Structures are given as structure tokens and as C-alpha cells.
Amino acid sequence: MNIQIRGIHKVFANFPALDGVNLDIESGELIALLGPSGSGKTTLLRTIAGLEFPDEGAILFGGEDIANRPVRERGVGFVFQHYALFKHMTVAENIAFGLDVRKDRPSKEAIRKRVNELLELVQLSGLDKRYPTQLSGGQRQRVALARALAIEPKVLLLDEPFGALDAKVRKDLRRWLRELHDKTGYTTIFVTHDQEEALELADRVVVMNRGRIEQVGNNQQVYEQPATPFVFDFLGSVNILPGEVKNRELRFDGSDDVWDSESQETGLVDIYVRPHDLQIVDSQAPGLDATVTLVQRAGALIRISATLATSGERIELELSHLDTLARSRQPGDAIRVAPITFGLFPRAPHRRPTTLPDVVPNAPAENRERAR
Amino acid sequence: MTAATPSFQRARRARSVIPGFGLTMGFTLFYLSLIVLIPLAGVFFKSSQLGWDGFWHVVTHPRVLAALKLSFGAALIGALINAVFGTLVAWVFVRYRFFGKRFFDAVIDLPFALPTAVAGIALTALYSGNGWVGQFLEPLGIKVAYTPLGVILACTFIGLPFVVRTVQPVLEEAEKELEEAAASLGANRLQTIVRVILPTILPAILTGFTLAFARAAGEYGSIIFIAGNMPMVSEIAPLLIIIKLEEFDYAGASAVAVAMLGLSLFLLLLINGLQVWSRRRHGQKT
């Protein structure tokens, strides 16, 4: 079922949660809504589900506007971050719930057959008599998924589906969900604040900020050609350096060397460079002089912090441990640094776009399920 | 030396983060004995002076039977009413915001705090034939004061906070997501309430029901004013005990007390079993 979202506005107590959102989703796509907390990604998902209603705008399921229909009539499968399983029902009863409450309830035998199929699909055969409290977090989330799939939804919506799980379980489930999606072909939209999760799992990523969509694209597009400073900053770390563009030539402030620029515009710019897009070059090559302040070795990566000689600006580099110019650097060494690729944006009045961590990395223990 | 080793090891193994199992357990048993068991044992001891036949004669006396029936029957009906409407009240308090919510929330606890005699007199004044409420009920042929209906009313009054206060926190904690999940799966409002919400809060309702019942079964102060205390009609068992005491029939009084105790214990165990059953349905350990 393809979905069109047209001009959705939603205000919560003077706070614009969604501010003019337009989005087209093709049938069978796996879409990630990515953004920091308060970016409106969950509100958008809940609006698509019918758990929230937009103040303005239309949501079309296969061309039909369903913006004012309640969730019950939309035929969406919704999976919650904390599973929301019915604790007084067994796994089988949970999965059967959506079929059991139908007006045209299928026969007992048909329901049992469907439940067994789904249990097999989510690889939980044999656990049908268990209660949710007797399952691990990963298992519970799979039950929740099976329950949502039981009603053969038009679209599958997942709200931070792996948010409450361990890193290891999360990774396994992620891969498993991708396989499941490829096998079943449900149009799927999931919300996440984890850029790695979004990039790894989704066909297309929708990056959101302050109730607006910043960029929609496949993972390569959003990572390599970020449309806005926010996307650049949110998808990975970034160095922001001041510079100027003149006659299609870019000059870093305090440097005489110039780089080609595709930008037509002229004026002061912020140059966005990812740490791994910086390299150390010979002292004669074009570049910026800097002094190493800190060297960290993390596996195959060497992280170097340095201050620029000209402006005193602090920069971060991530280099391969095989890089001969990067090896055995010590704090205090003088290096010359040059960007491989970069993004240019008109200089912002206040420089750094602030990104908030969505969920505290060390969330309280009770919110994190430990898989057995 | 060798004999000492196992006990030493056992002591080590039993060590936990929280110390003092022996001390706290000992105190608990002593305390329970002092406060609960010894006085109750005294009641049994006193009634045993009658002998089995004497005891049986006292408790099967029609007047005693009628009083026991009224006490437990009214308490059960009152607790049932509270289980239904107390749950509703808790629901409203948890789910809705309205003007004066804090005030009404405090009012719920009044039956806890009010001296029972005051409550009884107030109820009597309201529901007697010329009271504020009673004057409208009287023409309809409904007599509340000085009838078993009044006893039920008083039982309901004093039991309400138990249900509300046990259900409220559980409802507050019940995830809204459960309802959203049910709705997304196509359940209508009624199906959501009956199949998802009620089972979630059922253990709490049962607990509240038990507390309200236990309190009402033993209630004295608020009932005697509104009951009218007519033997065989509106006389409750606790009052009968007082009457027997005033007649210096201590053994008879304790016999009625023992009957009440036994019945209460039986009913509480029954409800307890219900609770275990409902909790087991949640897949929780009991």
C-alpha cells in the first residue's frame, strides 16, 4: 500500500510537533524516520497509525484520505518500543488477539493455523503457551511483531522497535527484521534515533528535525550528500571550519591554498568535513597547519585531535592505522591537514547546530531489557 | 573440628546483602503473636468454656444466625458494589482531568478518617424518613434507615476508599500503550476494556474487594446508628457480641466472635485463592 502524506501540521500545547510534513512512501518500502528527540518522528508515525490526529493535512493510503479515521479502522500493525504485550495472555493468545476481536472472526482452527504460521515466521515455535513475562526482550518484541502481522496490516509501523534492547540483540534483530521485510514485503516505517540503525536497515531514510523533514534519501545520499547542516551533523560527527567562496574557489580562513568548489554562490561559508574525510599531507601540499593535542587508538582507527595554527580551531581526524603519515604521532607534533571531501553551507549566525541525544545512552536499567 | 565445618559453611552461604533475617523474623513472629494471635487465642479459649454443645447452641440460635447472615451478607454486597463503582471512580480519577479533582480525591479518604459513629449518625440523618435524602425515597416505598438496606449502605460507605486506593495506582501504571495496541489490532472500546484493561487491574480489584469486605464485616460504629438494631432483621453480629457482654455472657459473646472469626478466615482464604489464580493467569510467580 503506497502512502502519501500531505501538509501535516500538528501542535501540542503551542509546541509545533509537525510543521508541514510531506512524504511519499512506495508500496513495499522500508522507511526509517530518523531524528533527535522532539523532532516529531514519533508523532509522525503515530499520526500515520491514527493514534494521533493532525490539525491539518491529509494522509492517503492507496489514494484514500484516512487522516480522520481512528486507528481501529486503518488496518495498521503497530509495534511499540516497550512491546505493549497483554501480560495476562499467552504468546498464542496475544498473536490471536487481532483475529479474535474481528466481527467476522475466523474459525478457531483457522486462527490456530495462522498463529502457528506467525510463530514460525518470527522463529518462536513452541513458545506459544508462555506468558510474556517468561520471555526475553528480543522474544517479546518478536511476539509484538507477530501480533501486528496477524491482522495482515496495510502498513507496518514500528516505534523505536529495538530501543529497549541490548546492543547485541538489537543488531541481530535488525538483520532479522530486514530479512523478514524482504520475505513478507510489507510497507514498513520505523522510528529511530540511531543513525547507524537507520542507515543499515532502511531503503530510504527520512531525517527529521523540529517537526520538519530535513532530507529524504537512500542511506548513501543522506550520508554523503547531506542537504542541510543539521543532517550533516546528525549523521556522524563533523568538523565545522570557517571559509569563503569566491569565483568557484574555496579558501579556508587563514590559509592561502584554494580548493575547487561546485558552489555557485559567493560569500562566507561554513565548511563541513567529517573526521574521516580529513587526511594528513606532506608539508608542501595544500592544507592547513595544525598541532596535535591528543592521539587515541581505537581498533583499526587512529583518532587525532589537533588545533589549527591559524585560528586555534579544534579539529578531529579519524585515520586508518595503516596510514604512514598518521602513525606514531605524538601530542605536540606539527601536521598539515587537508580535506578529501566537504560540504559547504552559508555561514550561520550562530555556528554549530545543536543536536540533542534522543535517549540517554546509559538509560536506567529498568528500561533496558537484557536478553537471556 | 570436622563437625563444625558444615555449619560454618552454611552460615556463610546464608549471608545476604540485607542482614538480620534471624532478628527480623523473630521479631515478626513475636509481634504477630502479641498483637494478633494471643488475643484471638484468648477468644477461642473463652468460648471453649461452653463446650462443643454449648458453643453450637449459641451460634445456631436463630437470632445469632440472622445477625451473622446480615453482617457477612451486607459486607459482601457492599464490597461488591465498591468493587464495581470504586473501580469506576478510580478510572475517572486516573484518566480525566476536571475541576475539583484534588478535592474529590481527598474526599475519598474521608471514610477512613471520620469517626465511625459520626459517619453512622450522618448517614442516619440523611436517610431516615424525614432526612434530606430519605424524604424522597420514603414515598417510593424505599426505606433505608433502620433496615438491612441501611446496613449495606454503611458497609458501602466505609469500604469505598479501599477499592479506590488499591485500584488507582495500578490503573495509573497500566500502560496507555496496551489500549493503543488493542485498538490498532481492531478491538473496539468495549473489547479493549473487557479483554485488556480489566484483566490487568483484576488483582487490584480483588485486593480492594477483600479489604472492603473485611472492614465491613467487622464494622460496628457506623452501622449501629443506621441499622435500627431490630433482632432478626437489622441486628449485626458485632452488636450481638456487645449485647452479650453487657449481659455478662462472656462465653456466649466469645462464641459469636469465634463464629465470625471462622467465617471471615474462610472467606478471606477463598478470596486469596482467587487472587492467586488471577495472578497465575498473568504468568507471574506466586
key: Per-residue Cβ neighbour rank within 10 angstrom, fewest leading, B:Leu268, A:Leu173, A:Leu34, B:Leu240   = B:Leu268, A:Leu173, B:Leu240, A:Leu34
task = For the range B:75-180, state which chymotrypsin sites (Phe, Trp or Tyr not before Pro) are in a DSSP loop and have at most 12 other beta carbons lying within 10 Å of their beta carbon.
result = B:Tyr96, B:Phe98, B:Phe99, B:Trp132
note = Among beta bridges assigned by DSSP with both residues in chain A, the antiparallel ones amount in percent, to the nearest 5, to 75
ask   = Of A:Leu33, A:Leu44, A:Leu127, which has the largest mean-square fluctuation in a 10 Å C-alpha GNM of chain A?
value = A:Leu127
query = From the Cα gyration tensor of the range B:121-273, with a ≥ b ≥ c the square roots of its eigenvalues, which class applies: rounded if a/c is under 1.5, or else prolate if a/b is larger than b/c, or else oblate?
reply = oblate
ask   = Any idea which of B:Gly42, B:Leu171, B:Ile223 is furthest toward the positive side of the dipole for chain B, if Lys and Arg beta-carbons carry +1 and Asp and Glu beta-carbons -1?
value = B:Leu171
request  = Place a label point 7 angstrom from the Cα of B:Phe45 along the Cα-to-Cβ direction, then list the residues of the range B:222-256 whose backbone nitrogen is under 15 Å away.
outcome  = B:251, B:254
request  = Give the shape of chain B as rounded, prolate or oblate, defined through the alpha-carbon gyration tensor: a ≥ b ≥ c are the square roots of its eigenvalues, a/c under 1.5 means rounded, and otherwise the shape is prolate if a/b is larger than b/c and oblate if not.
outcome  = oblate
task = Take B:Lys244, B:Lys143, A:Lys129 and order them by how many other Cβ atoms sit within 10 Å, fewest up front.
result = A:Lys129, B:Lys143, B:Lys244
remark   = Over 32 Å (Cα to Cα) among A:Lys10/A:Lys108; A:Lys10/B:Lys101; A:Lys103/B:Lys101; A:Lys129/A:Lys183; A:Lys154/B:Lys101 -> A:Lys10/A:Lys108; A:Lys103/B:Lys101; A:Lys154/B:Lys101
query = Who wins for biggest fluctuation among A:Gly77, A:Gly254, A:Gly243 in a Gaussian network model of chain A, springs between alpha carbons below 10 Å?
reply = A:Gly254
query = So which GluC sites (Glu not before Pro) in the range A:24-90 are both in a DSSP loop and have at most 14 other Cβ atoms within 10 Å of their Cβ?
reply = A:Glu26
query = Rg and Dmax of the range B:189-286, Cα atoms, in Å?
reply = 18.7, 60
key: Cα-Cα P(r), chain A, percent of pairs per 20 Å interval   = 25, 47, 24, 4
request  = Please give the helix A:167-184 orientation as an angle from the longest Cα principal axis of chain A, in degrees from 0 to 90, rounded to the nearest 10.
outcome  = 60
ask   = What shape does the range A:39-186 have by the C-alpha gyration tensor, where a ≥ b ≥ c are the square roots of the eigenvalues, rounded means a/c under 1.5, and otherwise prolate means a/b greater than b/c and oblate the rest?
value = oblate
request  = Out of all DSSP beta bridges with both ends in the protein assembly as shown, state the antiparallel percent to the nearest 5.
outcome  = 75
note = In Å, the Kirkwood hydrodynamic radius from C-alpha pairs for the protein assembly as shown sits at 31.3
Axial C-alpha extent at least 30 Å, average Kyte-Doolittle at least 1.0 - helices from chain B (DSSP) = B:62-95, B:148-173, B:250-280
note = Per-residue ellipticity at 222 nm attributable to helices in chain A (runs of n ≥ 4 DSSP H, -39500 (n - 2.57) apiece, nearest 500 deg cm²/dmol) works out to -6500 deg cm²/dmol
ask   = For labels at B:Ile193 and B:Phe266 in the simple 7 Å Cα→Cβ model, what's the distance in nm?
value = 3.6
request  = Work out the FRET efficiency for A:Thr228 and B:Trp56 from their Cβ-Cβ distance, taking R0 = 56 Å, and round it to the nearest 0.05.
outcome  = 0.05
key: Candidates B:Leu261, B:Leu23, B:Leu76: whichever shows maximal mean-square fluctuation once chain B is modelled as a Gaussian network with Cα springs under 10 Å   = B:Leu23
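Every number in this text was worked out from the coordinates using simple rules, so none of it is lab data. Everything numeric here is computed off the predicted structure, so don't read it as measured data. FYI the Cβ positions are ideal-geometry reconstructions off the backbone, even for glycines, and counts take in every protein chain you see.
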